[in-house]
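Please treat every number below as a calculation from the coordinates, not as lab data. These numbers come from a predicted model, not from an experiment. With ideal geometry, Cβ positions are generated from the backbone for all residues, glycine too; neighbour counts draw on all protein chains shown.
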Amino acid sequence: MRGELDLARATDRFVAHLAGERRASPHTVAAYQRDLRQLHVFLVERLGREPALHEVDKLTLRAWLGELTRARGTSTIARKLASVRAFFKYLSRTEPSRENPAEGLATPRVRRPLPLVLGTDAAAHVMDAPRERVAAAEGLAGLPLDTDRARLVRDRLILELLYGSGLRVHELAALDRDALALEAGSLAVLGKGRKERRVPVGRACQAAYDDYLEARPLLCHPKTGAQDPRALLLSQHGRRLGIRQIQNLVKRHGQAGAGRPDLHPHALRHTCATHMLEGGADVRVIQEFLGHQSLSTTQRYTHLSIERLLRVYDESHPLAVARPRNRR
């Protein structure tokens, strides 16, 4: 009987499918679960009881989306709609006779701002920011390492991996000590869907890694000296460095090196891909390098590069202020 399954149990089943069979990242699973729970709360408030799955029809979904528009932007609504579509698509596969109320719902048009991409000089300044702070703190060469300097040496490796190897921030935080194979000049990364890929590691990154290995023993618990034995990147207390901590240190070095307090880890990934494309790398090579499942995701960097070119033209070329109209 089609009314036997309620929305809450169907959601739990879908979330288990994402985490188990699809092997989606915890962040992705949490986002889908959060969106579907919001739909559930909306229906409970509307009906005054636990909603059955067959009560979720197209009109109900439109009412929910209409409610969201009062306080949410179009990008947020588009993401929540994508969660609902994936949910009902999954149910349609498991029960082909079940109707899919999300079919035909129009996605709000999202105007995406250009992602932050650093120029080559600005990127170089950000990479050098931790090393310059170390040099300023030393005053004289040959001083022994201390915890503050060890953190800066670690930060330089983090920046090199984000920009030089194009890692996602969660990929970086999850790295273990045995991930780097310096003799092969590569790095083993566990990406989305728990798919492993190997990315190249440049000479600057290898040098940063060598320096970090020397400094790493100082990043330990101040009382017990304990360290996470597996984690590559450690906090000053010897624990695995978290995503939020990485975001904060990137922001700090972005301000120091390039005057960009809005710099974030994904911007360094964007910058890496854009600079590779502008340097002549093939889009499919970049796709494999970044771990994109779809080529269309990578092709965004083609459009991004063109838009950057037009923006630079508008800002710098003397004829850009008054462009001649197209002649017929």
For LEU234, list long-range residues whose amide hydrogen, built 1.01 Å from N in the peptide plane, is under 5 Å from its own amide hydrogen. LEU241
Dividing the alpha-carbon radius of gyration of region 120-265 by 2.2 N^0.38 Å, where N counts its residues, gives 1.01
Fewest to most Cβ atoms within 10 Å: MET127, MET276 sort as MET276, MET127
Size of the dipole of region 7-94 about the Cα centre, Lys and Arg at +1 and Asp and Glu at -1 on the beta carbon, nothing else charged, in debye to 20? 260
Determine the dipole magnitude for region 120-265: charges of +1 sit on the beta-carbon of Lys and Arg, -1 on that of Asp and Glu, nothing else is charged, the reference point is the Cα centre, and the result goes in debye to the nearest 20. 660
With the charge dipole of region 7-94 built from beta-carbon charges (+1 for Lys and Arg, -1 for Asp and Glu) about the Cα centre, the Cα from ALA82, VAL15, LEU61 projecting farthest to the positive end belongs to ALA82
Tell me which aspartates and glutamates have Cα within less than 15 Å of LYS251's Cα, excluding those fewer than 8 residues away on the same chain? ASP128, ASP155, GLU160, ASP262
If each Cα of region 7-94 is one equal point scatterer, what is log10 of I(q)/I(0) from the Debye formula at q = 0.12, 0.16, 0.23, 0.26 Å⁻¹? -0.35, -0.62, -1.25, -1.48
